[in-house]
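First up is the structure itself, then whatever we jot down about it.
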Amino acid sequence: MYNISKIREDFPILSRTVYGKPLVYLDNGATTQKPRCVVESITDEYYSVNANVHRGVHFLSQQATNLHEASRETVRKFINARGTNEIVFTRGTTESINLVVSTFADSQMQAGDEVIVSVMEHHSNIVSWQLQAARKGIVLKVIPMNDRGELLLDEYEKLFSPRTRIVSVTHVSNVLGTINPVDKLIEIAHAHNVPVLIDGAQSIPHLPVDVQALDADFYVFSGHKVYGPTGIGVLYGKEDWLDRLPPYQGGGEMIKNVSFEKTTFNELPFKFEAGTPDYIGSTALAKALDYVSAIGMENIEAYEHELTEYAMQHLKEIPGMRIFGEAERKSSVISFLVGNIHHFDMGTLLDRLGIAVRTGHHCAEPLMHRLGIEGTVRASFALYNTKEEIDVLAAGIERVARMFL
Ligand code: PLP
């Protein structure tokens, strides 16, 4: 049973007001709110355990290390990786992507080699490749989409050449909500002997993910989008690939021995974790993953699917409504514009009604170019949103629209 009132009680912020109105928080694509257990984990660990991990002989250090490494196991289990050595803690999706892009380009790519991305990527999965393209002469090829916001698989296949070295695509679009058929994308890439990096920033909070079933070579996500704290994220990489890539940053923890003549590097995953890790964050992230696991990712997916269907149906009834992203498989993100109302005006006026949505290009400017617009209003739902909140959103949009008539 999906007990929505109990779930909402776990998130104290949801009962606050904004401008005297009950908060309707629909900006979950940007970041999610935190359940009590996550916030308490942070204070509890600082109050009672805090000590630097891995290098200490004393009790607290060992306790903090145990918590940190237990969190790695929680992440492993959550995405079904083979081993904890395949789980690297980073600062978030952006850092995970940059880690792979930079080390992969350095060790596996030459001038003229190609990376395939999609038209619906977040800037973090475009600009990081462009930095390498400028530095090394790497070429970006782009998978196009149809007007519903679905990637064109036939066109994707045609992009492969003997110079294709990697495919780097998002699992779920942060603008359109499209759930890309990453299993097929991976299968096709592997048929060409090409590895695949999946940006899971918008999928991990909404769908069950099994990296072995997908056969993803790299899978990345952020803690803060899945009810965890900011400043921590994950890079999953197949052991074989992580072994082949060089270290990303130099520092403590990532080395075995250091001399001025020669330095040897630590084993996985520590080779990629230079410096003091966010061990407080990793414990809190594990708490967040335990929290969603207890509800059940399948249950969350089904509940959010119902919310999204309900919202699509009601928003479409609003005169002048244009929705961007009507893929067959769609996650809980709805981007829209109404008549000629600027997205910024709509967002600002909804805010005065207590409704938090995001406006702008959503760090996906190439996608905006493809859609022929500058930006959208985006409502993105999480496990704690309700149909009543969607009614408030629909009424709010209609009210704003009437002001512009
Ligand atoms: N990729 C996608 C699809 C996203 O939606 C986001 C954030 O909105 C990111 C990457 C970047 O995530 P972060 O800012 O947590 O590194």
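A few comments on the model shown:
- Alpha-carbon Debye profile of the chain, log10 I(q)/I(0) at 0.07, 0.12, 0.14 Å⁻¹: -0.34, -0.98, -1.26
- Full extension of the segment from Asp240 to Arg352, taken as 0.36 nm per residue of separation minus the current Cα-Cα distance, would add 35.1 nm.
- Around the amide H of Gly233, modelled in the peptide plane, lie the amide H atoms of Thr90, Arg91, Gly92, Gly223, all under 5 Å away and 5 or more residues distant in sequence or on another chain.
- Over the range 238-375, the reciprocal of the mean inverse Cα-Cα separation, the Kirkwood hydrodynamic radius, stands at 19.9 Å.
- Extents of the range 33-178, taken as max minus min of Cα coordinates on every principal axis and listed largest first, are 57, 36, 27 Å.
- The chain - mean residue ellipticity at 222 nm from DSSP helices (-39,500 (n - 2.57) per run, n ≥ 4, rounded to 500): -12500 deg cm²/dmol
- Förster radius 22 Å - calculated FRET efficiency between Ile13 and His123, Cβ distance, rounded to 0.05: 0.20
- Sequence of Tyr219, Tyr384 once ranked by neighbouring C-beta atoms within 10 Å, starting from the fewest: Tyr384, Tyr219
- The range 274-295 residues near the modelled Asp183 label - backbone nitrogen below 17 Å, point 7 Å along Cα→Cβ: none
- When only Cα pairs below 8 angstrom with a gap of at least 6 residues are kept, the range 335-405 shows a relative contact order of 38 percent.
- Extent along principal axes [Cα atoms of the range 112-179; Å; largest to smallest]: 34, 24, 16
- FRET efficiency for Asp147 and Asp210, using Cβ-Cβ distance with R0 set to 35 Å, rounded to 0.05: 0.65
- Neighbour-count ranking [beta-carbon atoms within 10 angstrom, fewest first] of His343, His190: His190, His343
- Residue pairs, from the table Lys77/Lys238; Lys77/Lys184; Lys287/Lys330; Lys77/Lys271; Lys158/Lys238, whose Cα atoms sit over 19 Å apart: Lys77/Lys184; Lys287/Lys330; Lys77/Lys271; Lys158/Lys238
- Extension gain from Thr230 to Phe404, taking 0.36 nm per residue of separation minus the Cα-Cα distance: 58.9 nm
- Dimensions (Å) - the range 159-286, Cα atoms, principal axes, largest first: 48, 41, 23
- Karplus 3J(HN,Hα) series, Hz, for the range 262-277 with 6.51 cos²θ - 1.76 cosθ + 1.60 (x for Gly, Pro): 7, 10, 10, 9, 5, 6, 5, x, 5, 3, 9, 10, 6, x, 5, x
- More than 15 Å apart - percent of Cα-Cα pairs taken over the range 1-88: 73 percent
- Contact order normalised by residue count of the range 40-294, Cα under 8 Å, 6+ apart, percent: 25 percent
Values quoted throughout were computed directly from the atomic coordinates according to the rules given, and no laboratory measurement underlies them. Given the structure is predicted, the values throughout are model-derived calculations rather than measurements. Cβ coordinates were reconstructed from backbone atoms using ideal geometry, including for glycine residues, and neighbour counts include every protein chain displayed.
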